[in-house]
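Following: one structure in structure tokens, then a few remarks.
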Amino acid sequence: MTNRFISDIVQDQDPLMLPPDASVKLACERMCDRHVGAVLVADRAHHLLGIFTGRDAVRMLGNEADAAHTKLDDVMTHKPVTIPPDAHAIDALRLMNDGGFRHLPVVRNGKVVAIVARADFEGLELDRFEEETTLWEHIA
């Protein structure tokens, strides 16, 4: 299928979530353990507050901050762009491309459902997105 629903891509996913007062060190350890590139920062009721990615970690360490004493709330992206689970793969690819990011939280009614990354999309979806992008470049 060339344009799956986001819910099909993330079904049965257990996204990595941490509270905003968790340390960057803990977030990086958990990201490493789970082989993921992002942490969703949420409150106890799973309301999304932000996202912390490997890029954020590099930026923070580049500024010589102490990962053990820096809280996610201080370095995460607050109020990130999100997508609902009933959206299509092409919609997620457009959002990620337009925003210049590789991870997109999936949220329903303000609560975290999952997260998609560019690597979650299949060849046909990526091919369709590339065709669409090329077409728009020729029109503009």
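Quick look at the values:
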{"item": "When residues of region 36-95 are limited to those that are of a type outside the set (A, V, I, L, M) and part of a strand (DSSP E or B), the one nearest to R108 (Cα to Cα)", "result": "H47"}
{"item": "Which numbered condition K71 misses (of (1) at pLDDT 95 or above; (2) closer than 23 Å to V113 by Cβ; (3) not acidic (D, E))", "result": "(2)"}
{"item": "Counted residues, region 76-109 - those being over 15 Å from the mean Cα position of the chain (by Cα), modelled with pLDDT under 95 and over 14 Å from F121 (Cα atoms)", "result": "1"}
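Residues checked against (1) in contact with a strand residue (DSSP E or B) (Cβ under 8 Å, 6 or more places away or on another chain); (2) at pLDDT 95 or above; (3) within 20 Å of V112 (Cα to Cα); (4) surrounded by 15 or more Cβ atoms within 10 Å (Cβ to Cβ):
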position: T2; (1), (2), (3), (4): no, no, no, no
position: F5; (1), (2), (3), (4): yes, no, yes, yes
position: D8; (1), (2), (3), (4): no, no, yes, no
position: A22; (1), (2), (3), (4): yes, yes, yes, yes
position: D33; (1), (2), (3), (4): no, yes, no, no
position: R44; (1), (2), (3), (4): no, yes, yes, no
position: G50; (1), (2), (3), (4): yes, yes, yes, yes
position: A57; (1), (2), (3), (4): no, no, no, yes
position: N63; (1), (2), (3), (4): no, no, no, no
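The values are calculated or read from the model by the stated rules, or taken from the named source; none is laboratory data. Keep in mind that what you see is a predicted model, and the values were worked out from it rather than measured. Note that we place each Cβ from the backbone using ideal geometry, even for glycine, and neighbour counts take in every protein chain shown.
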